[in-house]
Structures are given as C-alpha cells and as structure tokens.
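Taking it in order: structure first as structure tokens, then the write-up.
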Amino acid sequence: MSQSSQPPALIRTPRPSLTYRLISYLLVFPIYRLLFRGRTAGNGNVPRQGALVVVANHGSHLDPPLLGHALGRPVAFMAKAELFRVPILGAIIRACGAYPVSRGASDREAIRTATNRLLEGWATGVFIDGTRQANGRINDPQAGAALLAARAGVPLLPVAIINSHRALGPGQAGARLLPIHIRIGTPIAPPASRRRADLDVATAACQAQINALLDQGLINGHQLGPPSP
C-alpha cells in the first residue's frame, strides 16, 4: 500500500515535546535502567511512524511511564481528569501524551476519546485487563483494544512488562528494587471488522502473545525468582 493510500493515522506521528524528552531521560531513564535494572527486547518491532494500539499486561502503577520510555516513542494513556487540574503535574502528564477521561465517563466516551488520539497518529496504550493484576499476567482480556484498532484501522502491538507486579504491585506499601524487563512482540493486524467475533480473535491473539512473552522470563536468562506472597 502506498503512503498516499494509507489511512491518515498511519502517516501522522506527533513529535515528542521537550517536556516529554526531559521527563523520559532525566526521570524515567534512571528509575527504569538503574533502580529497576531495566532491559528491553524487541525494539525493532515498534513502528516508528503512525498510530498503533500498544497492548500490555498491567501489574503496577510504574507501567505507563516505563512503556513510553522503553518503546522509544510517546505512548498516550487515559488519566483521570482531576489529575490535569493539579498544578505542574497536569502540565507534565499532558506533555507526555496523557489525555483526560472524566470520572464516571461511559465506555463509549472513553473509546471515542482514545480513537481521536489514534487519528492524530499517537501510539495509544491499553492495559487489556483494564486493571492491575496481582500475578502480572493477562487473565481476563477485554475487547476495547481490538475495537480501537478496528475503528482507526491501525495495528495492535503486544508488549509484556515482566516483574512490575513484584516490584510495586497491588497492595504493596513500598517498592521492591527487582529487575523490570520489557519484551516487545510483533504487530497484529487490526480486526477485519467491529463484529464481536473479529474483536475476540484479535484480543485472544494479544493475550496469547503477551503471556508467551511473559513465560520467557527476564531477558538474557535472568530468573524471576519465587512468586510474591
């Protein structure tokens, strides 16, 4: 397909803001690379141009900033609208590509907001289970990511975040300085339609690929260690 015949979302690519670059390299870089001994595999699988739906497992509040840094391009995530009214914080998360969703907003409104981000050319992040999982795996995937990909006509990119649920997972009072590694999978074509059967096929493909990447463990043969209690 020639570039001129591609959907606009696959051609546009927003440039990272100066604020984003400063936060990524001055704050997220040392946290990921030094504190959590972060490593990334599969960067060659990340499209450098155009929109995509980044689909990941979710084990920790650390996941959103680590994803954007590891992928090498900004990843937009939904954030509570109240956060944008906090001085300084609001400006920072907006510069990093976050977009507000009002408390109590309907799923339809959230999907419409995320679709608009995709049509602007953003890589848009979706935690496919919808909430943090104590075991860090994909357990109950929702079809929202596949629906976004179908609406915008953009690929899905499965990503496995390994060990973040052990480092700072649900119910933990403080962080444990364990290695957090990220394995980036291969892109999956958008669903053929918005029919539930097509969405379910794409969702299952994302789940299978992410869990398989998680099963490979930490990069370069590091061991995960015993499960968290």
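The values are calculated or read from the model by the stated rules, or taken from the named source; none is laboratory data. Treat the numbers as computed from the prediction; the structure is a model and nothing was measured. Reconstructed Cβ throughout: ideal geometry from the backbone, glycine too, with neighbour counts over all protein chains shown. Heavy atoms of the whole protein, side chains included, go into the accessibility calculation; ligands, DNA and RNA do not. Shrake-Rupley method; radii C 1.70, N 1.55, O 1.52, S 1.80 Å.
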For peptides 175-186, 109-120, sequence by mean Cβ density within 10 Å, most packed first: 175-186, 109-120
Residue-normalised accessible area of the chain, expressed per residue, 1.4 Å probe, Å²: 49 Å²
Calculated Cα extents along the principal axes in Å (choose from [x] 71, 45, 27; [y] 48, 41, 36; [z] 64, 33, 31), label: [y]
Alpha-carbon centroid distance for the pair segment 141-202 / segment 20-48, whole angstrom: 18 Å
Fraction of accessible area attributable to carbon and sulfur, segment 117-229 (%, probe 1.4 Å): 54 percent
Largest-first ordering by accessible area, 1.4 Å probe, given options Ser193, Ser164: Ser193, Ser164
Amide proton proximity set for Leu52, modelled H, under 5 Å, gap of 5+: Ala123, Thr124
Of all DSSP beta bridges in the chain, antiparallel share, percent nearest 5: 25 percent
Protein-only accessible surface order, largest first, of Asp200, Asp63 at 1.4 Å: Asp200, Asp63
